[in-house]
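Step one of this worksheet: look at the structure below.
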Amino acid sequence: MSVLKSIVQAVRDLPPLSASCLELMRMFDDPSASLTDMARVVERDPQLTANVLRVVNSPAFGFGHSFNAIDRAVTFMGEQRIMSLAIGMCFNDFYAEALPGYGGAAGELWSHCLFTAVAARELAPLSVAGVAPGLAYTGGMLHDIGKLVLSMLMVKKGGISLPAFEEGDVKSALELEKLIMDGDHCEVGRALAKEWRLPEALGAAIGFHHAPAGAPTQWRALAYCVHVGNLMAMQQGAGTGLDYMRYPVDADFEAFIPLDGERYDALHTAAAREYVQMTKAMAG
Amino acid sequence: MEKILRSGGMAVTGGAAGAERYVAQRVGSRVVLVLVDPLANVLGAAFVGMPASAALGKQAERFPALFADRAVDALVLRMAPSRKEVDGGGLMAVLVGGAGCGDVPEALDLGGRIVGRLREELAAWDIAVAAADVGGPLNRTVCLDPDCGVRVAAPGKGERQVFGPLSPITGDGR
């Protein structure tokens, strides 16, 4: 079977996301869908509702009393945070596996994507193009989904190794993926987004998070939010294995997200605080 | 038994504090600052996550070790009871972490800015940097105790000694 056919087959073989999760992600790009509509989607899914309420009621959030309904939790925590939790919970099991093709341990993909999502959401309000924070969060949560597929296929070819970077004069993880597999995790992620019929915006965030300048104009600012959020996650030690920091940064980010050092540090602090709170709460 | 050193945390081991092993995991672009008093056989460590505390105002006072502009002062003070010294005399520094991905704009170079600020603060205390394993694309885990000194591990690289109490190894160590 050709490499391309193997990738297409592996994309199709991936376990399906829940209907609620897909519906939520599609709603983030639907201007007619309100956050209240999204809360209704969560409420219709008993398992998702139970998971979200378990997290909201954890001591990490410290509300001092327990919520037994999503709408009550929304009143205290805000719709944006509840929806972020719901999306995060959808991927909790999905991202639990190790990434042997990248030398990544179990749980690393989850930590990396959650931090990227939180950071991208913090960056969104600073974007000159007005990126919706929920869309940036979801883009961050999904950006490395292609690694799930590529890891399984790359491991059969030996996977990523540090000597391949150091001796092969390979500058980025994408270059090495292409050398090994004739495809990279951005391309594979876009194929997955298409397979799942996700909104075009999320396909762009996934497909262009390493090279945001190439994203379609209307989604370029979103791609830059995820691009910088991805860097912030790695800087906080949340990587996905041996491809850590093999990541050329697009210096044109400032045209889309004006940032100086002080602002960047404040964003890091806010994102790290939110990330720690969410991981503690999700761990129960 | 190992104890975890978390971002913004400080630890002192050896001397009057007793000898315990501390581990800082997945340091990334953040930096573990280690101060060593070889005569008293005491090591102190701060897990530094940000270059400067200005943006956080009074909140920063709760976690001085989180900020490069406060961490050296805070760690010297924290080590004083174990060393029976209140100044920086006789101390050496070890820096580990500060990972980066090469050519990035200065604003986004978190690790470079933390390391730079720590070096300035150490110079102000007249504390020499005896060893540094900083920069590059390595997500380091740092382990320290008085018997083993400072050891660093990274995915794909195994573990290696960066500083031992009797035979410091200098260099940039990428």
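Here, each number is a calculation from the coordinates, and none is a lab measurement. As the structure is a prediction and not an experimental result, all values here were calculated from the model. Because the Cβ atoms are built from the backbone with ideal geometry, glycine has one as well, and the counts that use them run over all protein chains shown.
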*Give the distance, in whole Å, between the Cα centre of region A:171-236 and the Cα centre of region A:48-90.*
29 Å
*Centre separation in Å (Cα based) which lies between region A:123-150 and region B:87-125*: 31 Å
*Note the full-extension length gain between A:Thr75 and A:Ala164 as 0.36 nm times their separation in residues minus their Cα-Cα distance, in nm to one decimal.*
26.9 nm
_Cα pair distances in region A:162-260, grouped into 5 Å bins until the bin that holds the longest one, percent each_ = 3, 13, 21, 22, 21, 14, 5, 2
*Given the C-alpha centroids of region A:240-282 and region B:2-25, what is the distance between them in whole angstrom?*
27 Å
_On a straight-distance basis, which aspartates and glutamates could pair with A:Lys147 in a cross-link, Cα separation under 16 angstrom, same-chain partners fewer than 8 positions away excluded?_
A:Asp13, A:Asp93, A:Glu97, A:Glu108, A:Glu175, A:Glu177, A:Asp182, A:Asp184, A:Glu187, A:Glu195, A:Asp243
_Under 15 Å between alpha carbons, and skipping anything fewer than 8 positions from B:Lys84 in its own chain: which aspartates and glutamates qualify?_
B:Asp37
*Among all stretches of chain A without exposed trypsin sites (Lys or Arg not before Pro) (DSSP loop, at most 15 other Cβ atoms within 10 Å), which one is longest?*
A:1-155
*Identify all lysines with a Cα-Cα distance to B:Lys3 below 21 Å; exclude those on the same chain that are fewer than 8 residues away in sequence.*
A:Lys280
*How big is D, in µm² s⁻¹, for region A:127-177 by Stokes-Einstein at 25 °C and 0.890 mPa s if Rh is the Kirkwood radius over C-alpha pairs?*
183 µm²/s
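Based on the Kirkwood radius over alpha-carbon pairs, what is the Stokes-Einstein translational diffusion coefficient of region B:1-117 at 25 °C with 0.890 mPa s viscosity, in µm²/s?
169 µm²/s
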*Mind jotting down a quarter of the surface of the convex hull over the alpha carbons of the protein assembly as shown, in square nanometres, one decimal?*
22.0 nm²
*Residues whose placed amide H lies under 5 Å from that of B:Arg21, excluding near-sequence neighbours*: B:Lys3
_Neighbour-count order for A:Trp196, A:Trp110, A:Trp219, fewest beta carbons within 10 angstrom listed first_ = A:Trp196, A:Trp110, A:Trp219
*asked:* At 222 nm, what value in deg cm²/dmol follows for the protein assembly as shown if DSSP H runs of at least 4 each add -39500 (n - 2.57) and the sum is divided by all its residues, to the nearest 500?
replied: -14000 deg cm²/dmol
*Run through every distinct alpha carbon pair of region A:215-284 and return the Kirkwood hydrodynamic radius in angstroms, one decimal place.*
13.6 Å
_In order through region A:253-262: 3J(HN,Hα) via Karplus (6.51 cos²θ - 1.76 cosθ + 1.60), integer Hz, x for Gly, Pro_ = 4, 5, 5, 10, 9, x, 9, 10, x, 5
*What list of ³J(HN,Hα) values in whole Hz, one per residue of region A:96-104 in order, does the Karplus curve 6.51 cos²θ - 1.76 cosθ + 1.60 (θ = phi - 60°) give from phi, with Gly and Pro shown as x?*
6, 5, 6, 10, x, x, 10, x, x
